[in-house]
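The structure appears below as structure tokens.
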Amino acid sequence: MAAITGPLSGDAKKVVADALQGALVDLVDLSLVAKQAHWNVIGAHFRPLHLQLDELVAIVREHADTLAERAVALGLNPDGRAATVAGSTKLAQPERAWIEDGKVVALFTDILEGVIQRLREHIAATDEPDPVTQDLLIAVAQDIEKQHWMFQAQR
Ligand SMILES: [Fe+2]
């Protein structure tokens, strides 16, 4: 029994489900690795990076919730469980160690580049099946691309 039904079915629903789940995993893990770096960053630029990483976490958590709830509105079950995220994330993982400020900037420049590339693939994939979901993904990409700029600017 489907408790929630939405306007999509068949292949369109499957494409949108994959796009939303892929973006959700990216955003949930991004919030986790950003907290990891927020705690472990060291160096002369500790303070601005410590704060910037928490700003990133706040933005990403809000978008993750929006995408998960979009999935629910379409009758899909978002999966943000730790085991699911650990098993399907594409993000590079920082070591369990201090991370020098320059390495944090380089790491997050690379991580965000990957997230943006996958978001843009999801945006392309959802164009025809569901422009409403696509619109949400575009809003996510706008914020992530802004964050990417701000990490690049510190290199
Ligand atoms: Fe904190």
- Item | Cβ crowding within 10 Å averaged over residues, with 17-29, 92-104 ranked highest first | 17-29, 92-104
- Query: Counting only pairs 8 or more places apart or on different chains, how many lysine pairs in the chain have C-alpha atoms closer than 30 Å?
  - Reply: 10
- Item | Inter-centroid distance (Cα atoms) of the stretch 16-65 relative to the stretch 91-155, Å | 10
- Message: Can you show me the helix-derived [θ] at 222 nm for the chain, built from DSSP H runs with n ≥ 4 at -39,500 (n - 2.57) apiece and divided by the number of residues, rounded to the nearest 500.
- Response: -26000 deg cm²/dmol
- Query: What list of ³J(HN,Hα) values in whole Hz, one per residue of the stretch 36-42 in order, does the Karplus curve 6.51 cos²θ - 1.76 cosθ + 1.60 (θ = phi - 60°) give from phi, with Gly and Pro shown as x?
  - Reply: 4, 6, 4, 7, 9, 5, 9
- So what are the ³J(HN,Hα) numbers for the stretch 87-92, from phi and the Karplus equation (6.51, -1.76, 1.60; θ = phi - 60°), rounded to whole Hz, Gly and Pro as x? x, 10, 5, 10, 7, 5
- Query: In cubic angstrom, how much convex hull volume per residue do the alpha carbon atoms of the stretch 1-83 span?
  - Reply: 91
- Query: Given H placed 1.01 Å from N in the peptide plane, which residues other than close sequence neighbours of I99 have an amide H under 5 Å from its amide H?
  - Reply: V41, I42
- Message: Whole-Hz ³J(HN,Hα) for each residue in the stretch 128-142, computed from phi via Karplus 6.51 cos²θ - 1.76 cosθ + 1.60 with θ = phi - 60°, x for glycine and proline: what do you get?
- Response: 7, x, 7, x, 5, 5, 4, 4, 5, 5, 5, 5, 5, 4, 4
- Note on the structure: Computed over the chain, the Cα gyration tensor eigenvalues, each multiplied by 5 and square-rooted, give semi-axes in Å (largest first) of 31, 15, 12
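Readers should treat all values here as calculations from the given coordinates under stated rules, not as data from a laboratory. Everything numeric here is computed off the predicted structure, so don't read it as measured data. So basically every Cβ, Gly included, is an ideal-geometry build from the backbone, and we count neighbours across all protein chains shown.
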